[in-house]
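So the structure is just underneath, and the comments pick up after that.
The values are calculated or read from the model by the stated rules, or taken from the named source; none is laboratory data. Remember, it's a predicted structure, so these values are computed and weren't measured experimentally. Cβ: placed from backbone, ideal geometry, glycine included. Neighbour counts: every protein chain shown.
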């Protein structure tokens, strides 16, 4: 049994003119424990919606998301939140750090939704990512690259079994993009977490042994339905 199993996932939205736009039609997608997979997809193709359904931030119109055999897509919102806090880390494209809090506080806040705040572990993660002298800095006092490292630490802080990364290098200078990617992969390997990374950057995709084209997963794209 795979760690993560998606079966018959469908998702549609209603456009402003009332038309139904099919975003996702994914017959099957599996992720094994402690594995890595990159998914190639252009902007607007539905891949963020795909990740949000895996994470339980959205529910599919049809189909199931199973994690370790449990159908998490059928859980209520509160139970999905609890499941996500325990099992899943998410690296958002825009980082989504809280501007009024320090780097350490941003990581600690993420931990409070899971097993509880562990100040020593949070500080150790940030230090491992080269931010030992930035623990008390707020996002506005850090570079984009440093903010991204805080986001990586937050995603791994609850020791998740799977990490989702949505264009994790999209806001970074090309000189630092691959360095950040290797930090993410290294942390996932160290903590035994599976990694699903979506990107349109060929350099990112080439770094993975396993890379899939989102057009091959999502039948809605084959039907040329706008997303």
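When you scan region 134-152, do you find a residue that is more than 21 Å from residue 179 (Cβ to Cβ), crowded, with 18+ Cβ neighbours inside 10 Å and within 20 Å of the chain's Cα centre (by Cα), even just one?
no
Within region 159-168, which residues are part of a loop (DSSP other than H, G, I, E, B) and buried (at least 24 other Cβ atoms within 10 Å of the Cβ)? Let's see the steps before the verdict.
Restricting attention to region 159-168, the residues satisfying the condition of being part of a loop (DSSP other than H, G, I, E, B) are 159-161, 167-168.
Of everything in region 159-168, just one residue is part of a loop (DSSP other than H, G, I, E, B) and buried (at least 24 other Cβ atoms within 10 Å of the Cβ), namely 168.
Within region 1-47, can you find the residues that are over 19 Å from the mean Cα position of the chain (by Cα), surrounded by 16 or more Cβ atoms within 10 Å (Cβ to Cβ) and more than 22 Å from residue 66 (Cβ to Cβ)?
22 - this is the single residue of region 1-47 that is over 19 Å from the mean Cα position of the chain (by Cα), surrounded by 16 or more Cβ atoms within 10 Å (Cβ to Cβ) and more than 22 Å from residue 66 (Cβ to Cβ).
What is the one condition in (1) touching a strand residue (DSSP E or B) at 6+ places or on another chain (Cβ under 9 Å); (2) over 16 Å from residue 6 (Cα atoms); (3) surrounded by 15 or more Cβ atoms within 10 Å (Cβ to Cβ); (4) at pLDDT below 95 that residue 223 does not satisfy?
For residue 223, the failing item is (3).
Assess whether residue 155 counts as being within 30 Å of residue 83 (Cβ to Cβ), in a helix (DSSP H, G or I) and either touching a strand residue (DSSP E or B) at 6+ places or on another chain (Cβ under 9 Å) or at pLDDT below 95 (or both).
yes
Among the residues of region 69-109, count how many are free of Cβ contacts under 8 Å to residues at least 60 places away in the same chain, over 24 Å from residue 3 (Cα atoms) and surrounded by 16 or more Cβ atoms within 10 Å (Cβ to Cβ).
9
Out of all the residues in region 91-110, which are over 13 Å from residue 149 (Cα atoms) and within 16 Å of the chain's Cα centre (by Cα)?
Hit for region 91-110 is 110, nothing else.
Based on this model, can you work out whether residue 46 counts as at pLDDT below 95 and either within 21 Å of residue 84 (Cα to Cα) or touching a helix residue (DSSP H, G or I) at 6+ places or on another chain (Cβ under 8 Å) (or both)?
Considered against the rule, which asks whether it is at pLDDT below 95 and either within 21 Å of residue 84 (Cα to Cα) or touching a helix residue (DSSP H, G or I) at 6+ places or on another chain (Cβ under 8 Å) (or both), residue 46 comes out as yes.
So which residues in region 110-143 are more than 19 Å from residue 172 (Cβ to Cβ), out of contact with any helix residue (DSSP H, G or I) (no Cβ under 6 Å at 6 or more places or on another chain), part of a helix (DSSP H, G or I) and touching a residue at least 24 places away in the same chain (Cβ under 8 Å), if there are any at all?
Matches in region 110-143: 111, 121.
Return the residue satisfying two criteria in turn: it lies in region 56-68 and is in a strand (DSSP E or B) and without any contact (Cβ under 8 Å) to a residue 60 or more places away in the chain, and of such residues it is nearest to residue 160 (Cα to Cα). Outline the logic, then answer.
Here is the first cut: in region 56-68, the residues in a strand (DSSP E or B) are 62-67.
Subset that is without any contact (Cβ under 8 Å) to a residue 60 or more places away in the chain: 62-64.
Numbers: 62: 26, 63: 24, 64: 21 Å.
Top of the filtered list is 64.
Please go through (1) assigned to a loop (DSSP other than H, G, I, E, B); (2) buried (at least 22 other Cβ atoms within 10 Å of the Cβ) for residue 208 and return the number of the only condition it doesn't satisfy.
(2)
So which of 89, 18, 44, 100 ends up being under 16 Å from residue 167 (Cα atoms) and in a loop (DSSP other than H, G, I, E, B)? Working first, answer last.
On the way: 89 fails: in a loop (DSSP other than H, G, I, E, B); 18 fails: under 16 Å from residue 167 (Cα atoms); 100 fails: under 16 Å from residue 167 (Cα atoms).
Being under 16 Å from residue 167 (Cα atoms) and in a loop (DSSP other than H, G, I, E, B) holds for just one of 89, 18, 44, 100, which is 44.
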